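A quick write-up on the structure given underneath.
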Amino acid sequence: ANRGTYFGYDAANDRLTAPITAKLERANQVEAGLKFDRLGGRFTATLSVYDIRVKNILRTDPNPAGAAKFAQVQSGEQVSRGVEVDVVANPFTGFNVVAGFAYNNAKLTNDVPATEGRRPGTAGSPYLGNLWLSYRLPNGPLKGLGLGAGGNYASDNMVVNDANNGQFTLPNYVVLNASAFFDQPHYRLSVKMDNLTNKHYWIGYGSMNPQKLRSIIGQVAYKF
């Protein structure tokens, strides 16, 4: 298990709602983890849990009058507790699996009534997941030819969440990707398609940012 205490400083004092000097940001983190290695290295997994408490965070003023002026306030404490799991597996020659899952429960405590007990808009999606499967021919005349497919998942993301301004949530999404490649000792040919279904989706941390639609990237590499 790891435990640490951190200090930080942000010079953006001119955006505080009152002309005062910002306090040092303070954070305490407790983390524990496990690592599994089985089948002669063909299956590895890591599991970690954490508890992070941050005080004196500079954030947007939840009061509409202050927010309109891009003012910042410093109050309360942000508590984040979560778990992360990562898995890498090679069940048989040429086939690989990479997967991950993360859960984060964040909330503001000892704060002003408008945000007390609420998830901060900068916390991101509470649930995240990813999966990538790939297979490469290990033998034969097409040795080195491979295919890959997978995707990423994010749950609903509440980017605005306070009593004064209400709530605004970005919807959950699943983005699928795929690739094909031909890997040889002296060269590699590859093509990758991101966002196979041309999904319209957004990410944000107190904001809303549109992401790329379907795209195709080809690559030719020569190995010296």
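Any read-out appearing in this document is the output of simple, stated calculations on the displayed coordinates, not a laboratory observation. On a predicted model such as this, the values are computed, not experimentally measured, just so you know. When we count neighbours, we look across all protein chains shown, and the Cβ atoms used for this are built from the backbone with ideal geometry, even at glycine.
What the table below lists for this structure:
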quantity: Value of [θ]222 nm, deg cm²/dmol, for the chain, DSSP H segments ≥ 4, -39500 (n - 2.57) each, nearest 500; calculated: -500 deg cm²/dmol
quantity: Efficiency of FRET from Cβ geometry, GLU25 and LYS223, R₀ 35 Å, rounded to 0.05; calculated: 0.15
quantity: For the chain: span of alpha carbons on each principal axis (Å, largest first); calculated: 72, 40, 33
quantity: Selection from GLY33, PHE95, PHE43, by position along the positive dipole direction of region 2-222 (Cβ); calculated: PHE95
quantity: For region 121-207, alpha-carbon Rg relative to the globular expectation (2.2 N^0.38 Å, N residues); calculated: 1.58
quantity: Per-selection Rg to Rh, region 29-99 - Cα, Kirkwood hydrodynamic radius; calculated: 1.33
quantity: Computed lengthening from ASN209 to LEU133, 0.36 nm per intervening residue step minus Cα-Cα distance; calculated: 24.5 nm
